[in-house]
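None of the figures in this text is laboratory data; all of them are computed from the coordinates on show. Quick caveat, the model's predicted, so the values are computed rather than measured. Virtual Cβ from ideal backbone geometry, glycine too; neighbours counted across all protein chains shown.
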Amino acid sequence: MVSRRKFIRNTAIGSTAAILNPHLITGSWPEAHSDMLRVGLIGVGLRGTNHLKNLLLRQDVEITAICDIDPKRLDICRAIFQETDRTEPATYGENEYDYRNLLEQENIDAVIISTPWKWHVPMAVDAMEAGKYTGIEVSAATTLEGCWKLVDTHEATGTHLMILENVNYRRDIMAILNMVRKGIFGEMVHFRCGYQHDLREVKFNDGNQPYGGGVEFGEQAISEARWRTAYSLERNADVYPTHGLGPIAVMADINRGNRLVSVSSMSTKAIGLHNHIVAVGGADHPNAQLKFRQGDVITSTIQTAREETIIVTHDCNLPRPYSLGFRVQGAKGLWEVDGNRIYVEGKSEPHKWDSADSWLERYDHPLWKEYGEFAEGSGHGGMDFFVLNAFVKAAISKVSPPMDVYDAAAWSALTPLSEQSIAQGGAPQVFPDFTRGAWPSRQPFDWIENPY
Ligand SMILES: NC(=O)c1ccc[n+]([C@@H]2O[C@H](COP(=O)([O-])OP(=O)(O)OC[C@H]3O[C@@H](n4cnc5c(N)ncnc54)[C@H](O)[C@@H]3O)[C@@H](O)[C@H]2O)c1
């Protein structure tokens, strides 16, 4: 929970930024129809609470309702409100479907869904049907059926859905996207990305704290260990593809002139989680008997319609420092995040890497130049500010978001497709065309000039 002093400091920063940049808070951005968005939050665990704190810093958002089945989480949110001069929201959470009562309220324009993955599709479908502009946490869906349901519901209702992929707003990613759009790397050829994050202490805890301290999961655990670990037990799949694939898909114009065509995936053995249980809980702990299905390193190679390849890695069960492993390579040069290096033919010394720093500074995205200092207070290095800003601005304007339902479906589809491919020894799987043939003529979203 945010400390009072920190909260007041953040709020003060918000006020200063508001004075300096009036359109940041007033909603007077070019497309704005109204200047206030009334938001309902569904799921206020670690992520949803983070969204709450960031939204409370904005004068163009009112939080009118909150839903969570864990009363402790609602208490945490009430305490956060008590440190502000904001009106406390209505709360829901009597049972797992109480969110539907929230969706019936007329004083809600938009919802943000930050619940466990199994709830994403049913909640997003209900939210779109209720006409609420829908923000959905990552990944959007874990089955192809779920991906299609999101698309079908959007098309049937006309309600927009935005996948809240914050990594698309990371400062280096936006600078590299700027370089891609300006043709610095030439025609795109190859990409690498992934989710490489030691999650052992996220997947197991002691039931009192969200990170580590024990090797419990499911009912005995809290936070993500309560629900996320089951996917490691049950599914040999890349279950968290969008932090890597989202940014790359935008650079590659996926669903907008290009598309994901097929994927071949392979998985390693699964020893990381077992080793962790034995090391922390002892060989006699009952969880040491479990057989985890999710391979420790899962590698998927995607082919695009423009004949690029994208290698996506899921690596969350072994000791390792965090990296999303980005590589963006074109006919004239490439960026690699590991090593922080760039090579551009004709600009870099032949066969020698440049440090990426001066390139990233030179091509810094206009949004980061303008709001970077303010954004950095918002968590995850500032990208959380920008992704929420885009959501709020697009929802106020009632326009299609930068990362829409077709993106949510295509990126999330890697989970079931990687699972099918692994089960068939790496056999290629075909990506559905969620745009139903529209992808060649859909125009890329203007990530560089758009004001959010
Ligand atoms: N974009 C990011 O950087 C990022 C970071 C963390 C988590 N996430 C995503 O956010 C989502 C939530 O993750 P988290 O870390 O907050 O998990 P969490 O377990 O801390 O929070 C989930 C919350 O949902 C509540 N919930 C469960 N079922 C519900 C229901 N039927 N109705 C209402 N509330 C319900 C739980 O009580 C819990 O408080 C996940 O999809 C996760 O992948 C994204």
For LYS72, the aspartates and glutamates lying under 20 Å Cα to Cα, once residues fewer than eight places off in the same chain are dropped, come out as GLU83, GLU88, GLU94, GLU96, ASP98, ASP206, GLU216, GLU219, GLU224
Of the DSSP beta bridges with both residues in the chain, give the percent that are antiparallel, rounding to the nearest 5.
50
Fewest-first ranking of TRP148, TRP411, using other Cβ atoms within 10 Å as the exposure measure
TRP148, TRP411
For region 282-356, what mean projected area does the convex hull of the alpha carbons give, in nm²?
7.7
Give the lysines whose C-alpha is closer than 19 Å to that of LYS149, dropping any in the same chain fewer than 8 places away, or say none.
LYS118, LYS132
Let me check the size of region 323-452 from its C-alpha atoms; what are the radius of gyration and Dmax in Å?
18.7, 49
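Quick one: work out Rg over Rh on the C-alpha atoms of region 174-314, Rh as Kirkwood radius.
On the way: Rg = 18.5 Å, Rh = 16.8 Å.
Over the Cα atoms of region 174-314, Rg/Rh equals 1.10.
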Would you mind computing the Rg to Rh ratio of the chain from its alpha-carbon coordinates, Kirkwood style for Rh?
0.95
Between ARG306 and GLN82, what length in nm is gained on full extension when 0.36 nm per residue of separation is reduced by their alpha carbon distance?
75.3 nm
Exposure proxy ranking, count of Cβ atoms within 10 Å, fewest first, for HIS351, HIS120:
HIS351, HIS120
For a paramagnetic label modelled at 7 Å from the Cα of SER441 toward its Cβ, which residues of region 249-284 fall within the zone defined by backbone nitrogen distances under 20 Å?
253-260
Starting from the Cα of SER400, step 7 Å along the direction of its Cβ; do the same at GLU345; then give the gap between the two resulting points in nm.
3.5
What does the convex hull of the alpha-carbon atoms of region 217-256 project to on average, in nm²?
3.8
